[in-house]
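Asks: There's a structure below that I have some questions on.
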Amino acid sequence: MQDSYGRTIDYLRIAVTEACNFRCLYCAPNGYTEPTHSPLSVDEIVRVVRAAVALGVTKIRLTGGEPLLRRDIVEIVRALAGVEGVRDLAMTTNGFLLARLARELADAGLRRVNISLDTLRRERFARIVGVDAFDAVWSGILAAEEAGLAPLKLNMVAMRDINDDEFSDFARLTLAHAWHVRFIELMPVGVSAAAREFFARHFIPANELIARLPELARSDSPQGNGPARTFRLPDARATIGFITPASEHFCNACNRLRVTARGALCTCLFAERGTDVRGALCEGVSQAALQALLARAIGDKPASHPFGAEYAIQADAMSKIGG
């Protein structure tokens, strides 16, 4: 399936919950509100995935909120792994609950994970995410590696004067471990004066990060690399990537759809609204009609996101749409 700009759409990200057990500085600038809507059921998620696969989607990623808060997350993974045509089933998680679930998820059919990790320092970790949970997350990383969830990626949101003194430490992880590190540019979340000031004060463009690591050399991409520009340290076991939604957008190569936990299909991370897939499911729409609904949404996918000096993501959008 191609959109109206000739981009092949083969990747679907599904937020299985809006709930999260972390309160990250860059994600919840207005505080955190517990979700009041029930997320899509397992059967509803499977129906959406089957319709998407019929249109050419082959890659599925489960997100949140925090997807491991779903008590039926293993059931969701097992159901999606059984959908014919799904070639790559991945998850993005904060890792807090991963130590006890990694093996079960791998056995159910999950292939790989991205784990959010913004610092390697325990006290700083608690300040950034609002929870003293560094040891639990580190145990989750080790458990994911042991379970064979690979390639294993660590996502670090780069923030000036918060964690920018750790770039080298993160880069050196790729020398000792087969863990791919991803530095992600801070995004403007929230429209309040405080949120805008936070972005202005702490944003670091990826080119500055790259300049701080002069020994990097360009590298081939591992599986599921997505929009990252990838590099490698000499003799490293894994790659270092830079994702640039703010300084250098990659909309011309975007291959993604997103389904929120509430059942809205969004064709752009920064969309203010989406196609009401859940409503169609509740009305008993046929699988053919559901597929046609997705196809129309893909046809309306915008050429690019509206990032600009006056634009910011809604304060609660990241937990709703899954990043």
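Rule-based calculations on the coordinates, nothing more; no lab input. Every value quoted in this text rests on a predicted model; they were computed, and no experiment measured them. We place every Cβ from the backbone using ideal geometry, glycine too, and count neighbours over all the protein chains shown.
Asks: Taking Cα centroids, how far is segment 124-196 from segment 91-108 in Å?
Replies: What the calculation gives is 17 Å, centre to centre.
Asks: Find the all-direction average of the projected area of the Cα convex hull for segment 66-137, expressing the result in square nanometres with one decimal place. Walk me through the numbers on the way to the answer.
Replies: Numbers: hull surface 19.6 nm².
For the Cα atoms of segment 66-137, the hull's average projected area reads 4.9 nm².
Asks: Let me know the whole percent of all Cα-Cα pairs from the chain that are separated by more than 31 Å.
Replies: That tail contains 27 percent of the Cα-Cα pairs.
Asks: In segment 29-105, which trypsin sites (Lys or Arg not before Pro) fall in coil by DSSP and have 10 or fewer other Cβ atoms within 10 Å? Please report the intermediate quantities before stating the final value.
Replies: Values: sites: 47, 50, 59, 61, 70, 71, 78, 87, 100, 103; in loops: 70, 71, 87.
Hits after loop and neighbour filter: 71.
Asks: For residue 169 and residue 23 in one chain, what is 0.36 nm times their gap in residues minus the Cα-Cα distance, to one decimal in nm?
Replies: 50.2 nm
Asks: Can you list, largest first and rounded to whole Å, the semi-axes you get for segment 154-258 by taking the square root of 5 times each eigenvalue of its Cα gyration tensor?
Replies: 24, 18, 11
Asks: Just to confirm my understanding: which cysteines in the chain have no other cysteine beta carbon less than 4.7 Å from their beta carbon?
Replies: Singleton cysteines: 20, 251, 254, 266, 268, 282.
Asks: Moving to a separate point now. Among 297, 171, 227, which residue has its Cα positioned farthest towards the positive end of the charge dipole of segment 11-321, with +1 placed on the Cβ of Lys and Arg, -1 on the Cβ of Asp and Glu, and the dipole taken about the Cα centre?
Replies: Of 297, 171, 227, it is 297.
Asks: A further question follows. About the Cα centre of segment 11-321, what is the dipole size in debye to 20, counting +1 per Lys and Arg Cβ and -1 per Asp and Glu Cβ, all else neutral?
Replies: That gives a dipole near 500 debye.
Asks: So for segment 11-321, averaging the separation of alpha carbon pairs under 8 Å that are six or more residues apart and normalising by length, what relative contact order in percent results?
Replies: For segment 11-321, the relative contact order is 21 percent.
Asks: Hey, another quick one. In a GNM of the chain with a 10 Å cut-off on Cα contacts, which of 263, 274, 190 has the highest mean-square fluctuation?
Replies: 274
Asks: Could I ask something else about it? Would you mind computing the Rg to Rh ratio of segment 1-133 from its alpha-carbon coordinates, Kirkwood style for Rh?
Replies: Ratio value, two decimals: 1.01.
Asks: Sticking with this structure for a sec: What share of the DSSP beta bridges in the chain is antiparallel, in percent to the nearest 5?
Replies: 25
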